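Here is the structure we will look at.
The values are calculated or read from the model by the stated rules, or taken from the named source; none is laboratory data. Since the structure is predicted, the reported quantities are computational estimates derived from the model, not experimental observations. FYI the Cβ positions are ideal-geometry reconstructions off the backbone, even for glycines, and counts take in every protein chain you see.
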Amino acid sequence: MAANHFASMPNTELIEACLKGNNQAWEALLVRYQRLIYSIPLRYGLPEHDANDVFQNVSLLLLENLDRLRDRQRLGAWLIVTTQRECWRMLRQQRRVTLFPMSREMEEQIPGKQHSEEDFLMLERQSIVRSAVGHLGTACKQLLKLLFYSEPRLSYAEISRRLGIPEGSIGPTRARCLGKLMKVLEKMGFSAL
């Protein structure tokens, strides 16, 4: 099976393929959630090399526990909680290494402690949408990235110039691309986003 086939599978089917030992399915699962997993340690203020360690640890924990997940539709929530715990473990470990222990006041100022579960669920939804955008054709992918992922937000005139398409066709093309995106999300099992 092609790797692209696994990338568009719903979580439940993808997890089944992983449990059957399919390496392409495992890779597709990690790619689907890598942005979500990486974003959490970065929000906790951990440097990139520590975020890499957290990603590796969470990936290993997922491999070890995949067959024990009770609700496979809630894999994202499991990953959020597991990643948060890994971040906390790393932060505790780093505190032990320092010469001066943190006071309660300093501990309360650790970045990321203010983030709610809803914040991380929003990150999960964003990660799923970005993954789905990656399955669109080049023209739709480029248009949606310019429309929704560019900072600062670009005008239609600038998008028209960059893509070489008439300014008046951006709206109808956007609508078609969003329709295609919804179909990809439905195929992935995420129609309720």
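List of remarks:
- Filtered by the rule that a residue be of a type in the set (Gly, Ala, Ser) and surrounded by fewer than 16 Cβ atoms within 10 Å (Cβ to Cβ), the range 151-180 gives Ser155, Ala157, Gly164, Gly168, Ser169, Gly171, Ala175, Gly179.
- Qualifying residue in the range 38-48 (condition: farther than 16 Å from Glu124 by Cα and either among the basic types (Lys, Arg) or in a helix (DSSP H, G or I) (or both)): yes
- Among the residues of the range 29-82, those that are of a type in the set (D, E, K, R) and within 13 Å of the chain's Cα centre (by Cα) comprise Arg32, Arg35.
- Extreme residue, modelled with the lowest pLDDT, among residues of the range 89-110 that are closer than 16 Å to Pro47 by Cβ and surrounded by 13 or more Cβ atoms within 10 Å (Cβ to Cβ): Ile110
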